[in-house]
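A.B. asks: Got a structure for you, questions after.
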Amino acid sequence: MSDYYGELCTKLYESSKSLSEGKELDFYLSFIKDENMKVLEPMCGNGRMLIPFMQNGIRIEGFDISEEMLKVCKAKGEKLNLKPNVWYGKIEEYKGNHQFDLIIIPFGSFSLLPDALVDKSLTNLKSALKSNGKLLLTIMLKHSGIKEFPDWVETERVQFEDEWIITYKKVQYNEKESMLTTRFKYQSVINGQIRKTEMMDFPLRLYALEEFENTIKSNGFNHVVVHGVKDGYGEGTFFYVVECSM
Ligand SMILES: C[S@@+](CC[C@H](N)C(=O)[O-])C[C@H]1O[C@@H](n2cnc3c(N)ncnc32)[C@H](O)[C@@H]1O
């Protein structure tokens, strides 16, 4: 059995990636030109970006396929006296009633979609966008030196009061399909006893930037601008955001 962003994975994600801030947040907020703009965040997860947008008074809603991530997003919002408008939904099946000024998918999440779902998802996003709207996407890029791990290796152990969550992974790379597949095993250990084990298959589609730009254009977005965000996830980091419009 495989849990996708289940309880343990979500707890770890929230412990290290709760709320976006600094240069990453500033970058996304720079696309807000007036207070009436409506924003959609597919794959919003724990509200890492959605909640800071709400704190800035922006009308944003989002959806995700992980009930655990959505639960954390709602609970976190409540603590801040906010009521996030988030729901369970798959990007590849998304059919909304509204059109948005801005759609954002931060933190490489678009790479979680296998090729078979990419065109469908882009078509759905295009129909959800106003004619002068913008779509901001992040992807995981191909890079040299990918390391495969055929056997389990422990990657981290994090303590939450009396509970430890230990993460193990195996990694395999299919170069022909540009798919980096990690199998994660999360173990919750209390007083030396394993309380729960969670398995997660985590396939990532890696792109060359130019290849991704072509994918965007072949799906009807005529204008593509690539932004580089220096120090976006903290000092010394760098990532690209692909701005797409019709
Ligand atoms: C790495 S998290 C990132 C969450 C958020 N974008 C952020 O910036 O922190 C990726 C999220 O994408 C969601 N996800 C993966 N595939 C999805 C799909 N087909 N439709 C909707 N959400 C999906 C996962 O459940 C997970 O919560």
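A.B. asks: I'd like to compare 32-39, 140-147: which one has the highest average count of other Cβ atoms within 10 Å, and what's the full order after that? Walk me through the numbers on the way to the answer.
C.D. replies: Details: 32-39: 13.0, 140-147: 10.4.
By packing density, highest mean first, the sequence is 32-39, 140-147.
A.B. asks: Enumerate the helices in the chain for which the Kyte-Doolittle hydropathy averages 1.0 or more and the C-alpha atoms extend at least 15 Å along the helix's axis, using complete DSSP H runs.
C.D. replies: Answer set is empty.
A.B. asks: Would you list, by chain and number, the lysines whose Cα falls below 19 Å from the Cα of Lys38, excluding same-chain residues fewer than 8 positions away?
C.D. replies: Lys83, Lys95, Lys126, Lys130, Lys134
A.B. asks: Taking amide H atoms as placed 1.01 Å from N in the peptide plane, list the residues 5 or more away in sequence, or in a different chain, whose amide H sits under 5 Å from that of Thr155.
C.D. replies: Placed amide hydrogens put Thr167, Tyr168, Lys169 under 5 Å from Thr155.
A.B. asks: I'd like the antiparallel share, as a percent to the nearest 5, of DSSP beta bridges with both residues in segment 87-246.
C.D. replies: 85
A.B. asks: Still on this structure, I have one more. If I build a Gaussian network model for the chain, linking alpha-carbon pairs within less than 10 angstrom, which residue out of Ala116, Ala75, Ala208 has the largest mean-square fluctuation?
C.D. replies: Ala116
A.B. asks: Let me check I've understood the local charge: for Lys76, count other residues with C-beta under 13 angstrom from its C-beta, Lys and Arg +1, Asp and Glu -1. What total comes out?
C.D. replies: So the surrounding residues net to +4.
A.B. asks: Any number yet on Rg/Rh for segment 149-205, C-alpha, Kirkwood?
C.D. replies: The Rg/Rh ratio comes out at 1.10.
A.B. asks: Another question, if that's okay. Projected onto the charge dipole of segment 1-81 (+1 at Lys/Arg Cβ, -1 at Asp/Glu Cβ, origin at the Cα centre), which of Tyr5, Ser16, Met54 gives the Cα projection farthest towards the positive end?
C.D. replies: Value computed over the given set: Met54.
A.B. asks: Over what distance in Å are the Cα centres of segment 79-113 and segment 173-214 separated?
C.D. replies: So the two Cα centres are separated by 21 Å.
A.B. asks: Net charge near Glu177: determine it from the other residues with C-beta under 13 Å of the C-beta of Glu177, scoring Lys and Arg +1 and Asp and Glu -1.
C.D. replies: Result for the local shell: 0.
A.B. asks: Could you tell me which residue out of Thr155, Ile194, Phe184 lies farthest along the dipole of segment 149-205 toward its positive end? Charges go on the beta carbon: Lys and Arg +1, Asp and Glu -1, centred on the Cα centre.
C.D. replies: The listed residue farthest towards the positive side: Phe184.
A.B. asks: Can you list residues from other chains, or at least 5 along the same chain, whose modelled amide H is less than 5 Å from the amide H of Phe100?
C.D. replies: Leu129, Lys130
A.B. asks: Search the structure for amide H atoms under 5 Å from the amide H of Phe149, placed 1.01 Å from N in the peptide plane, and list their residues when 5 or more places away or on another chain.
C.D. replies: Excluding prolines and chain starts, which carry no amide H, the hits are Val171, Gln172.
A.B. asks: Could you pull out every one of the lysines with an alpha carbon less than 21 Å from that of Lys169, ignoring same-chain neighbours closer than 8 positions?
C.D. replies: Straight-distance partners of Lys169: Lys11, Lys17, Lys142, Lys147, Lys185, Lys196.
A.B. asks: Here is a follow-up. Take the Cα radius of gyration of the chain and divide it by 2.2 N^0.38 Å, with N its residue count; two decimals is plenty.
C.D. replies: Normalised by 2.2 N^0.38 Å, the Cα Rg of the chain equals 1.03.
A.B. asks: Under 8 Å for C-alpha pairs, at least 6 residues apart: give me the relative contact order for the chain, rounded to a whole percent.
C.D. replies: The normalised contact order for the chain reaches 18 percent.
Every read-out reported here was derived from the displayed coordinates using simple, explicitly stated rules and does not represent laboratory data. In this text, all values refer to a predicted model and were calculated from it rather than measured experimentally. Every residue, glycine as well, gets a Cβ built from its backbone with ideal geometry; the counts of neighbours run over all protein chains shown.
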